[in-house]
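Have a look at the structure below before the remarks.
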Amino acid sequence: MIDALRIAAVSLLVFVTVLVNSGCAAQFKSVAGVSRLGYSIQVGAFSEVRNAERLTIKLQGKGIEAFYFRKDNGVYVVRFGDYPLRAQARKTAEKLVAEKLVESYFIASPDAVFSKAPKGEPSRPAEKSLPPRKAERTGDMGAVAARTAERFVGIPYRWGGENVVDGMDCSGFVRAVYNLCGVNIPRTSAEQFRTGEKVGRDDLVDGDLVFFGASSDAINHVGIYVGGGKFVHAPRRGDEIKISSLDEKYFAGRFIGAKRYFEQSQIEK
């Protein structure tokens with residue numbers, strides 16, 4: 001078990017090193033409302049998603065904006081926080097341990113970008129498969145965001161517990177994905193739509209956010225574009241994360257626009 005953890009840690013470090021050396025830091029767009037994520041806290045290790053959800057809701061009840069996700073090994077963990085200093089993150093984590101809300105924790109570095117799924121990962125069911133895509137260049141943060149989003153597919157989600165407002169399930173999902181990629185974006189879909197670079201539908205690339213609603217002033221849904229006219233999103237509270245097509249009648253009729261948060265220099269359609 002210890003050897004497996006060491007191998008996993010080394011693999012993540014190698015991937016992050018490649019991203020840094022390939023200039024991924026330069027891909028981040030400096031725009032109002034969007035910032036680099038600081039240190040975050042990761043807790044729990046659950047084989048059952050309902051246990052991760054239970055801890056997430058408990059932390060949210062304490063005013064902590066937490067989310068959960070599935071790691072390479074199939075284990076679900078919970079993550080939260082945006083601290084400028086590691087010491088601040090550790091202090092908060094120790095307080096939660098003292099309050100017996102968590103048993104242990106891991107401090108995630110701002111450079112610890114969530115890695116792509118390994119090549120040996122089992123394929124998804126046919127209805128959730130994606131069309132073939134071109135090879136991606138190393139360090140493509142838009143592609144990293146898209147592949148990270150795909151790994152949430154099939155996971156049931158209830159963002160924000162019982163107090164979720166309209167549009168918060170979906171925006172919480174994309175916010176969590178971007179956090180795992182080291183980028184902090186606004187909380188609601190309406191706020192997210194007001195930031196980033198405007199992108200036309202014909203110019204969409206992996207990692208762009210696609211928005212839906214009655215008008216640009218009434219945005220109520222958002223997803224992450226993953227190529228081939230598809231996007232990943234949280235359809236409704238309590239439902240699982242899904243892949244849908246922009247051409248589906250419902251979404252085609254409500255598509256408002258798209259925004260980009262990474263530089264396009266190394267992104268391929």
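Worth a mention:
- Flag for Glu99 being in contact with a Phe, Trp or Tyr (Cβ under 8 Å, 6 or more places away or on another chain), modelled with pLDDT of 85 or more and among the acidic types (Asp, Glu): no
- In the stretch 201-259, the residues that are aromatic (Phe, Trp, Tyr) and closer than 16 Å to Ala143 by Cβ: Tyr225, Phe231
- Any hit, the stretch 87-96, residues being more than 19 Å from Ser171 (Cα to Cα), in contact with a strand residue (DSSP E or B) (Cβ under 7 Å, 6 or more places away or on another chain) and free of Cβ contacts under 8 Å to residues at least 24 places away in the same chain: yes
- Annotation: of all residues in the stretch 169-223 being among the hydroxyl-bearing types (Ser, Thr, Tyr) and assigned to a helix (DSSP H, G or I), the one that is nearest to Tyr261 (Cα to Cα) is Tyr178.
The values are calculated or read from the model by the stated rules, or taken from the named source; none is laboratory data. Note that the structure is predicted; figures quoted are calculated from it, not measured. No Cβ is skipped: glycine too gets one built from the backbone with ideal geometry, and neighbour counts run over all protein chains shown.
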